[in-house]
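Below: the structure, in C-alpha cells.
The values are calculated or read from the model by the stated rules, or taken from the named source; none is laboratory data. Because the structure is predicted, anything quoted here is derived from the model rather than measured. No Cβ is skipped: glycine too gets one built from the backbone with ideal geometry, and neighbour counts run over all protein chains shown.
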C-alpha cells in the first residue's frame, strides 16, 4: 500500500487514507476500521453543524421586536406557558401606562380647577375693592358737601355778627315796640274777657299764636328752612333720608320722562330678587350634599333670566335720549341698550352671583349661618344697590343714544342734575362751552355718567 498524507478535515480523506507497512506494525484492518468510524462521526458532526447554522439563520430571519410580536408568533416560538406569562406581563405594562396617563390628566385638570378658583377669588377681591372705592368716593363727596354747607353757615354767622349787622338788627327790634305792645295788650284783653265776639270766633279758629317771630339773623332764613326740612326727613337713627321729592328738586327732562318706568322696574327687580332668595334657600335646604353648592344658574343663564326685566326700561331710555337730540324714531339704539345692559350685568348680576357662590362656600358647613348670610346679602342688594344700578344703566343708555343718534352739527352741554353738588370732574365739564356730539369734554369724558352714582345728562345747547 503506497503512503499518502490524508486530509484531517475531510471524512472521505480519512476513510481512504493509507499508511506504509512496517514489520510488527498495527493491524491494517483495525486501523482501517477505526478510520472509517472516525470519518463517519466527523461527517455526522459536520452535517449537525450545517443544520444548526441553517436553523440559526432561520431564527435570525424570524427574530422581531417583542413589543410588535403578536401572540401567535410568541406561542410558535415559545411553549404555551412561557407565552402566557409574557403576554400577561405585556398587558400589565399597557395597563400601567394607561393608568399613568389617566393620573397625569387628572393632575392637570385639578391644577386647572385650582387656577380657575384662584382667578375667581382674585376677580371677587377686585370687585370688592372697586365697590369699596366707589363707596369711599361717594362718602367723601357727602363729607365735602357737608363741609361746604358748614362753611357757608359759618360765613353767614360771621357776617351777621359784624358790628354793622348788630346795629341794624337792634334798630329793627326797637322799631317793633308798638306792634309788640299791641299784641301783648290784645292777649291781656282776651284773658280778661273784654274781647269782642268776632275776636273770640277768630281766636277759636286759630289755635296757634298769630304773632310773627322776627329772626335775629334774617340772612339765614333759607338755610334754617333747609335744616328744618332735613330734620323732618331724618329717621329714628338721625340719618337724613333722601326722599324722591328732594332727589328730584332739579328734575330733568330725562328723569321726568322715565320716572314711572324706572320706579316700576326697580320694584319688579326687588320682587324678583325676593323670589330668587326663596328659591336659593329652598334649593339649599333640599340639597342632600354634605356641602351645598350655589343653586344659581351659570353666568349666561342667570343673565338671560334677569335681563328680560330691564329690557323695556333700557329701550325706553335709549329712545328718549335719541328724541332729546332731535333724532327720528328709526335711529338704531341697540348699542346704547347694550351699554346699559352691560352696566346691569357688571354692577349687579355678576357681583351678586359671585357673592352668593362665595357665601355658600364660606358658610356651607353651618346651615344657620348660611341662611343668615344669604338673607343679609339679598337684603343689602334690594335695599339700595338695585335702585342705584338701574338709575346708572338708564343714564348710560340715555346718554349713549344721544351720542349715537345726534344729527350732525348738534352741540351738547353737560348739565348736572339732582339736589347735591356735582363731583369736581362733572362740575368742570358743566362749566365748559358746548361741544359737538361725540367730542370729549375738558375732563376727557364723552358722555355721562362719568362715575357710578353720576346723574348728569347732556342737553342740546341753545343757539
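Remarks
- Hits in region 386-424 (condition: surrounded by fewer than 18 Cβ atoms within 10 Å (Cβ to Cβ) and in a helix (DSSP H, G or I)): 387, 388, 424
- In region 365-394, the residues that are not assigned by TED's automatic domain parsing to the domain that holds residue 310 form no Cβ pair under 8 Å with any partner that is in a helix (DSSP H, G or I), whether six or more places apart or across chains.
- Out of 353, 341, sole residue that is in contact with a helix residue (DSSP H, G or I) (Cβ under 7 Å, 6 or more places away or on another chain), assigned by TED's automatic domain parsing to the domain that holds residue 277 and under 19 Å from residue 254 (Cβ atoms): 341
- Residue match in region 427-446 (condition: touching a residue at least 40 places away in the same chain (Cβ under 8 Å) and either surrounded by fewer than 17 Cβ atoms within 10 Å (Cβ to Cβ) or part of a helix (DSSP H, G or I) (or both)): yes
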